[in-house]
1. Given R₀ = 30 Å, what would the calculated FRET efficiency be for K147 paired with Y20, taking r from the Cβ atoms and rounding to 0.05?
2. By accessible area of protein heavy atoms, probe 1.4 Å, what ranking do K336, K449, K132 get, highest first?
3. Could you state how much accessible area E515 has, in square angstrom rounded to the nearest 10, with a 1.4 Å probe and all protein chains kept in place?
4. So if I take the centroid of the Cα atoms in region 450-471 and the same for region 485-543, what is the distance between those two points in Å?
5. Heavy atoms of the protein only, probe of 1.4 Å, neighbouring chains included. What is the accessible area of L41 in Å², nearest 10?
6. If D404, D412 are ordered by their accessible area, calculated over protein heavy atoms with a 1.4 Å probe, which sequence runs from highest to lowest?
7. At 1.4 Å probe size, what's the solvent-accessible area of M548? Round to the nearest 10 Å².
8. For S459, S114, S107, write out the residues from largest to smallest accessible area, computed with a 1.4 angstrom probe and no ligands counted.
Amino acid sequence: MDLVYIRIIVSSLLIVVGLYTYLKNRNSPRSIVLSLLLLILAIVVYFHIPLLSYTVIILFVLTATFPRSQIERYTSLDAQDFITSINDLPLNSLFLDPEGTITVASSATTNLLSYRGEELIGIKFNTLVTGKNKPEFLIDDFLAGAKVKEISCTLKKKDKTFLPIQLSITPIRKVDTSQSGYLCILSNQPVALTELESLKKQLQERTKNLTQANLNLEKVIEEHKKTEFQLKQSMEKLRISERLKALGQLAGGVAHDFKNQLFGIAANARLIKGRSRDNEKVLGFADNIINATHHSSDLTKQLLAFARKGTYQCVAIAVPPMITNLITLLERTLDKKIRITSQILEPKATIIGDPSQIENALLNCAFNGRDAMPKGGELSFIVETVHLDESYCKKSDYDITPGDFIHIGIKDTGGGIEKENIGQIFEPFFTTKDFGHGLGLAAVYGTIKEHNGAITIQSELQQGTLISLYIPSSQVEVPKRERTRELDHLTHPVSLLVIEDEVVVRNATNNTLQELGFTVHTKSNGTEALTFYSENHSSINMVLLDMMLPDYDVEELFDALMSINSESHIILWSAHTAPNTIASLKQKGARAFIDKGTDIPQFKEIMLDLVEELEPKIHS
């Protein structure tokens, strides 16, 4: 065959192959280059240009055999092959449609984002992106010359943790628009946001725990301070209580011994006065002695009231009439510049106790208010019923039982009391005044405690002071008492055995009772008394028994006397009071108890009353 025909056939074939390559992949730059090289080669072959022919053949072979990139290789596949290729990629890759919806996801990407199977398919990619740095999917991405996009963003995984990534977005352009879209390659950031979030949560939790711990510590410190303050208060109250108790014991001991001596002094002064009616000078001396013993006796009673060792009656007391009588007395004695008022809110207020002790307590409170108002003011009394509950009683410094109490308030408009002095106000001999002995409120304290009550003081400087007495309320009816006896001496002879160890008291008692008409026998101890009584009990009508003898316990001696004569009329007598012992001996048959603090006229009256009461038995 002629060579010309051969070149024509070869050139034609090259042209056909070039056109076919171009038409099949006209969107690919590489296809266009191959098509052009085939056309040039056809021309070179046709015109028989050897050197150029060899050059074109070499270029064609290089272009045809040069390895294509992964992306070009995959973009030339059909839809099914494309999906398979994406799944087989060793990268974290996704394929999105032009609107940014995920259509293909590699297994690596599905696992990375904690999804399973095809759960990612159909999800808008931007719904996975958190924050503001979201990729944009525009129609211009598919125009010739569009570039690959590189952005950093954070994806929200299915398990609600966060993953920072580097995202590479490549637009894919195909004739078949169903295969056009975006190929996305995901690269992990060096530090996962999940770790940062975890650290942040740990920090927040630790901060929260530390804040709570600080709050708890503050509460513990506050409670500790409160407990420490309460402990200090309790210790201070205990210290004051112990000090008052010690002072009470001292005051009680001194007062009892002093009362014993006062009885002897007062009795002898009365005897001197009775036998010196014609000597006015001696009568004056005797009166001075008697007045001094009265004053000393009052001080002794206040000491004993503070020490809670005085002699107490236990009767029903109507409080309003007592307040009325007290106000009448005060109006006569206090300065007219002091106005006295009362507010009786409980007309039937009744308490159980000793009328004289309660009255003295109220007088001491009133005098304390008077002394606080040297320029005048108002002294007011209030009487009402209050209920003290268990909570109040537990907090109180006094041993009181929950229930109804009669509140007696005594208020003045004086200068008030310094706070640092309130804790000492009930101590004997403590006073802030330039006069007085400081026993008034100490006696009030003892009296109220003896009556199972409580006392509080509220005071402000230049505002005045309120003293509140709380005494258990009673429903017992107050009896009406009438006196009928008017005797001042015995009408029948009565034989009396006096057992007393103090010489002064024994002699004074002997002389005083003899003046009343008694036949008196005196003994200084229990041994002598038992011997005398065992021999003469038939002629002895009454026994006056001192409760504090050096050689015998009073109960033992009482039992011995009663064993001699079971009908003995024994009267207990002492400067020392022991309520339990007195009650026990009264149950055994003791007729009465007389306090040696009783003044002489009252002592005589009590003895005559007892004779009148016992006379039917004495002379039976």
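The values are calculated or read from the model by the stated rules, or taken from the named source; none is laboratory data. Remember, it's a predicted structure, so these values are computed and weren't measured experimentally. Quick reminder, even Gly has a Cβ in these numbers, built from the backbone with ideal geometry, and neighbours come from all protein chains shown. When the accessible area is computed, the model is the full protein with side chains, heavy atoms only, and any ligands, DNA or RNA have been set aside. Shrake-Rupley method; radii C 1.70, N 1.55, O 1.52, S 1.80 Å.
1. The computed FRET efficiency comes out at 0.45.
2. I get K132, K336, K449, largest accessible area first.
3. Using a 1.4 Å probe on the heavy atoms, I get roughly 90 Å².
4. That distance is 47 Å.
5. 20
6. On the way: D404 85, D412 10 Å².
Ranking D404, D412 by accessible area, largest first, yields D404, D412.
7. 100
8. S107, S114, S459
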